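Quick notes on the structure that follows.
The values are calculated or read from the model by the stated rules, or taken from the named source; none is laboratory data. Bear in mind that the values here come from a model prediction, so they are computed numbers and not experimental data. We place every Cβ from the backbone using ideal geometry, glycine too, and count neighbours over all the protein chains shown.
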Amino acid sequence: MAETSAQTIAQTNDLVYALDDTPAFTESTFAAIQHVLASFVGIITPTLVIGGVLGLGSHIPYLISMALIVSGVATFIQARRTLGVGAGMLCVQGTSFAFLGSILAAGFIAKGKGGGPDEILSLIFTICFFGAFVEIFLSQFIGKLKNVVTPLVTGIVITLIGLSLIKVGMTDLAGGFKAKDLGSPQNLMLGGTVLFVVIFMNAMKNQWLRISSIAIGLIVGFIIAWFMGKVNFDNLAGLPLLSIPMPFKYGFSFDLTAFIPIAIIYVITAIETTGDITANCVISGQEIEGEKYRNRVKGGVLADGINSMIAATLNTFPNTTFSQNNGVIQLTGIASRHVGYYIAAILIILGLFPVVGGVLQNMPKPVLGGATLVMFAMVAAAGVRILKRVPMTRRSMLIIAVSFGLGLGVMMVPEVTAQLPKLAKNLFSSPVTTGGLAAIILNLILPRNNTPTLN
């Protein structure tokens, strides 16, 4: 029955190349380029944001190079599926936005202790490395996990992630943290122009323009900023010719309060990855039930965790599957996992040259902010979309209200944790951690009776 369903889906989607087909070099290259264009901005943006907010300066080109290289390696692992690791599908992996707030919080913890860029990155990569084992462990029980971290909890956490990041996007649009010209008309005009271009492109009927809307907005903003004299490439002269991965370049350090929020996000990421792989199965004409499907999901989530562990080892931030690339499969009709090898090669080649990161580092903050404001708000909107599918009973409304109240409350009034012990203060100052823990605990302890649906 599952196979018949899969065949029907494949026929409906009119796939040109199915999962195990091998397209010719030209077709594979063209399809791979489309996937890279759809995912490139998402891969590099978290690094640009983290680097800018935490003042990582000259480290940013190297970090961007590592982000691209690891995304290529991770995509290869997902497509290849060796020894049960990977979904064995065209699952493009990239830097996860979900961890951004928790990573920034960890960076400020290290900074508060007097640490410089090396100490900040040491703490971030160490906690991300150990946190990856949470997802690796959970991959073995992914079916049971869905009974604990339900769509209600997932929707709340993802919405909180998006809402907590909007401040970062808006600050960049206005000029960036501690900028002398914060909120100047020039900055607002530049950021607003990028925002308008992204919105305009998304309103177009052409699917390729919609997929490339963020990239187009950044390019337009970059060109305008160039003519405004806001772009300077002097830093490119001092960059090395190649970026060579150096495992654990920044050493090891650990902080429990920085680790806990990261661990919680890894739990949510496991559920998100399950959803992305399921959607990929539907688009690619594969079974969405039965043993083969369960093994595919299990391998995909396991690879997601291992890829994040590799990311931390090679000095970049956690990876996850990119849902936007499922749309590219649907548009091109090419679901072949062999295209994943081409995507991996392109990303690794781009990552080897630090000049790519050097150029992107010079992107003015208002340009980046105009694009990320939309991206972060879309994260929040994705959370709302998940919540929309949850029956609005008195129980679920109570969980949503308490979780948002506590999560957004500590974000808006950070002084509320000022008198707590340092461990508790650092832990509960994060809106995602506070709201996420509230959602998980309430979802476990509140009785699941047949309360009426609220209209």
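Structural remarks
- Among the residues making up region 310-325, those that are of a type outside the set (S, T, N, Q) and surrounded by fewer than 23 Cβ atoms within 10 Å (Cβ to Cβ) are Ile310, Leu314.
- Out of Ala439, Ala382, Ala371, sole residue that is modelled with pLDDT of 90 or more and either crowded, with 20+ Cβ neighbours inside 10 Å or assigned to a helix (DSSP H, G or I) (or both): Ala439
- Qualifying residue in region 78-87 (condition: of a type in the set (A, V, I, L, M, F, W, C), more than 18 Å from Val168 (Cβ to Cβ) and without any contact (Cβ under 8 Å) to a residue 40 or more places away in the chain): yes
A quick yes/no check of all residues on (1) under 22 Å from Ile262 (Cβ atoms); (2) over 26 Å from the mean Cα position of the chain (by Cα); (3) of a type outside the set (Val, Ile, Thr); (4) not assigned by TED's automatic domain parsing to the domain that holds Leu173:
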residue: Leu350; (1), (2), (3), (4): no, no, yes, no
residue: Gly357; (1), (2), (3), (4): no, no, yes, no
residue: Thr372; (1), (2), (3), (4): yes, no, no, yes
residue: Leu406; (1), (2), (3), (4): yes, no, yes, yes
residue: Ile440; (1), (2), (3), (4): yes, no, no, yes
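- Looking across region 78-93, not a single residue is farther than 18 Å from Glu291 by Cβ, surrounded by fewer than 24 Cβ atoms within 10 Å (Cβ to Cβ) and within 21 Å of the chain's Cα centre (by Cα).
Residue by residue, here is whether (1) under 26 Å from the mean Cα position of the chain (by Cα); (2) among the acidic types (Asp, Glu); (3) closer than 17 Å to Gln34 by Cα holds:
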site	(1), (2), (3)
Met204	yes, no, no
Ser212	yes, no, yes
Asp234	no, yes, no
Gly238	no, no, no
Leu241	no, no, no
Met246	yes, no, no
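- Applying the set (1) surrounded by 14 or more Cβ atoms within 10 Å (Cβ to Cβ); (2) outside the structural domain of Gly327 (by TED's automatic domain parsing); (3) in contact (Cβ under 8 Å) with a residue 24 or more places away in the chain to Met201 leaves exactly one unmet item: (3).
- Scanning region 307-345 for residues that are aliphatic (A, V, I, L, M) and either under 17 Å from Thr126 (Cβ atoms) or touching a Gly at 6+ places or on another chain (Cβ under 9 Å) (or both) gives Met309, Ile310, Ala311, Ala312, Leu314, Ala335, Ile343, Ala344, Ala345.
- Ile69 being in contact with a Pro (Cβ under 7 Å, 6 or more places away or on another chain), buried (at least 23 other Cβ atoms within 10 Å of the Cβ) and in a helix (DSSP H, G or I): yes
- Counting the residues of region 99-145 that are among the hydroxyl-bearing types (Ser, Thr, Tyr) and within 30 Å of Val390 (Cα to Cα) gives 2.
- In region 30-59, the residues that are at negative phi reach residues that are in a helix (DSSP H, G or I) and basic (Lys, Arg) with C-beta atoms within less than 9 angstrom, at least six apart or across chains, in these pairs: Gly52/Lys365; Leu54/Lys111.
- The lone exception for Phe252 - which of (1) surrounded by fewer than 20 Cβ atoms within 10 Å (Cβ to Cβ); (2) touching an Asp or Glu at 6+ places or on another chain (Cβ under 9 Å) it fails: (2)
- Subset of region 44-91 [under 21 Å from Ile283 (Cβ atoms) and of a type outside the set (S, T, N, Q)]: Ala74, Phe76, Ile77, Ala79, Arg80, Arg81, Gly86, Ala87, Gly88, Met89, Leu90, Cys91
- Within region 272-301, being over 19 Å from Gln330 (Cβ atoms) and free of Cβ contacts under 8 Å to residues at least 24 places away in the same chain holds for one residue alone: Glu291.
- Residues satisfying the stated conditions in region 112-161, i.e. over 14 Å from Asp255 (Cα atoms), in a loop (DSSP other than H, G, I, E, B) and not small (Gly, Ala, Ser): Lys146, Asn147, Val148, Val149, Thr150
- Test: residue in region 240-249 that is aromatic (Phe, Trp, Tyr) and free of Cβ contacts under 8 Å to residues at least 60 places away in the same chain: no
- Filtered by the rule that a residue be crowded, with 17+ Cβ neighbours inside 10 Å and at pLDDT below 90, region 238-249 gives Leu239, Ser243.
- Here Ala32, Ala105, Ala79, Ala38 are screened, and the one residue that is assigned to a helix (DSSP H, G or I) and under 22 Å from Ser122 (Cβ atoms) is Ala105.
- Residue-level check: of (1) closer than 24 Å to Val384 by Cβ; (2) at pLDDT 90 or above, Val148 misses just (2).
- Scan of region 387-407 for residues that are surrounded by fewer than 20 Cβ atoms within 10 Å (Cβ to Cβ) and part of a helix (DSSP H, G or I), ordered by number: Leu387, Lys388, Arg394, Arg395, Met397, Leu398, Ala401, Val402, Phe404, Gly405
- The helices (runs of 4 or more DSSP H) found entirely in region 166-274 that carry 1 or more residues being touching a Pro at 6+ places or on another chain (Cβ under 9 Å) are 185-202, 213-227.
- Test: residue in region 288-302 that is acidic (Asp, Glu), within 28 Å of Ile244 (Cβ to Cβ) and in a helix (DSSP H, G or I): no
- A residue that is touching a Gly at 6+ places or on another chain (Cβ under 9 Å), outside the structural domain of Ala312 (by TED's automatic domain parsing) and buried (at least 23 other Cβ atoms within 10 Å of the Cβ) can be found somewhere in region 165-188.
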